[in-house]
Amino acid sequence: MRVSESGPSAGPPQAGPHPLGGPTGVLDGRGAPRTAAMPFILVAVLIDMISIGLMVPVLPHIVGRFTHSNDEQTLAFLAVTLTFGIANFVSSPILGALSDRFGRRPVLLLGFAGLALSFFVTAAATALWMLVAVRMFSGAMQSNISIANAYVADISAPHERARRFGLLGAMFGVGFILGPVIGGVLGDIDVRLPFVVAGCMALINWCYGYFVLPESLPVERRRRFDWRRANPVAALKGLAALKGVGALVWVIALASLAQFMLHMSWVLYTKFKFGWGPGQVGWSLFAVGVVSAFSQGVLLKPLLGRFTPRQLAIVGLLVGSVTYLGFGLATQGWMMYVVISFGLLGGAAQAAMQSIVSNAADPTRQGQTMGAVSSLNSLMAVVAPVIALELLRWVSHRPPGDWLIGLPFFVCSTLQFTAAMVAWRFFHSHKELRAHAA
């Protein structure tokens, strides 16, 4: 499969020693460097998301082993997630800038290795401080999603990016189809077992990256590493300064905050409200993955044939707002599945926003730009657990089934609706962006 490059000077990477370890390109059976293409990065992302998905249903429960009440468990889980978010916020633009300098592949390998180590240490943790320390390490080492987005931008023409970011999102969905349900089943056997399996998956991904995954960024399109641009504050300023982006930074921030609040609340919310364990959480996330994969992998292409990315972004944000509200109002566990199926179009917003931001960035700065987006997401990941888990702690004493336990999701719905209104006003007032997006 051949893929059009995002610039006329793009060519196959040159084989040779690499400053971050390993060759810059991977040779095919004839001794020539492989050309980077979508199937390569899709496989890497799929394995990565399965390994991450394995831990989702069980991490709050393993935290609970070192606490004695719902209130303590919520606070401890806040500490674990907060340290990851802070470390990732600081490191994401640095790793993105390093990928602009040395290529995507070595930074992905670094992330796969860090992920594997963090999973194994989590499985062996005997105290809460060990969980906090390993999540901080994992956050500092891991920026795989932003680098994967930059990889896709490297090998795609601007008009292809919305659909291809959708394919990448579909792989996230497939990973969350397989990962959480496997993690939930394994967690019902032993709460530490999913982390051992996830560590093995991360090692498999490292081997795949080293021996199979080709480099996507040609040497001639690389740029020098600059600490002044790589720090998170400068990266966020640069993102806001991109022509055609502007207030969309607020849209990304609000939507990301709502999404991370959902992630932070899901396991404990379903435990407090419906009495769910790891297995039931895993199956619910299986349903989320199926809907996400179908939305971005099947529906997105025909939708882009009829609507512009800006239209899909607004509709997706509005659908997401209603979906969050439905989660919070659900009074029975089966209702969560009905709401999940309703949110089919919600996944279109993320792919549409990614394409708008990527198209506004210079081809030589895709890593830094996607790293800045990742850093913004990480900043929201720092804020989200503070808000979501504190809201959940306020209502954790209420009886199962009480509608007030859905308080974090009501806030998520408000944030998502606000993001939709900001996006609508921005697109409405920027006619030149509307013409470009069409």
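Here is how the numbers come out for the structure above:
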read-out	value
Label point distance in nm, F307-A37, each placed 7 Å from Cα along Cα→Cβ	3.2 nm
Per-residue ³J(HN,Hα) for region 41-53, Karplus 6.51 cos²θ - 1.76 cosθ + 1.60, θ = phi - 60°, Hz, x for Gly and Pro	6, 5, 5, 4, 5, 4, 4, 4, 6, 4, 5, 5, x
Extension gain, L178 back to M421 (0.36 nm per residue minus Cα-Cα distance, nm)	84.0 nm
In sequence order, calculated HN-Hα J values of region 103-120 (Karplus, 6.51, -1.76, 1.60; Hz; x Gly/Pro)	x, 6, 4, x, 6, 4, 4, 4, x, 4, 5, x, 5, 4, 4, 5, 5, 5
Ranked by how many other beta carbons lie within 10 Å on average, peptides 249-256, 305-312, 203-210 from highest	249-256, 203-210, 305-312
Surface share of carbon and sulfur [accessible, 1.4 angstrom probe, percent] for region 100-208	79 percent
Protection proxy ranking of 315-322, 333-340 - average other beta-carbon atoms within 10 Å, highest first	315-322, 333-340
Gain on full stretching of the segment that runs from E390 to V212 - 0.36 nm per residue minus C-alpha separation	59.7 nm
Förster radius 45 Å - calculated FRET efficiency between L329 and F225 (Cβ-Cβ, nearest 0.05)	0.40
From phi via Karplus (6.51, -1.76, 1.60), per-residue ³J(HN,Hα) for region 192-209 in Hz, x at Gly/Pro	8, 4, x, 6, 5, 5, 4, x, 5, 5, 5, 5, 4, 5, 4, 5, 4, x
Ordering of 40-48, 120-128, 216-224 by burial proxy (mean other Cβ atoms within 10 Å per residue, highest first)	40-48, 216-224, 120-128
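The values are calculated or read from the model by the stated rules, or taken from the named source; none is laboratory data. Keep in mind that this is a model prediction, so the values were computed, not measured. In this analysis, Cβ positions are derived from the backbone assuming ideal geometry, glycine residues included, and neighbour counts consider all displayed protein chains. Side chains included, ligands, DNA and RNA excluded: accessible areas come from the protein's heavy atoms. Shrake-Rupley method; radii C 1.70, N 1.55, O 1.52, S 1.80 Å.
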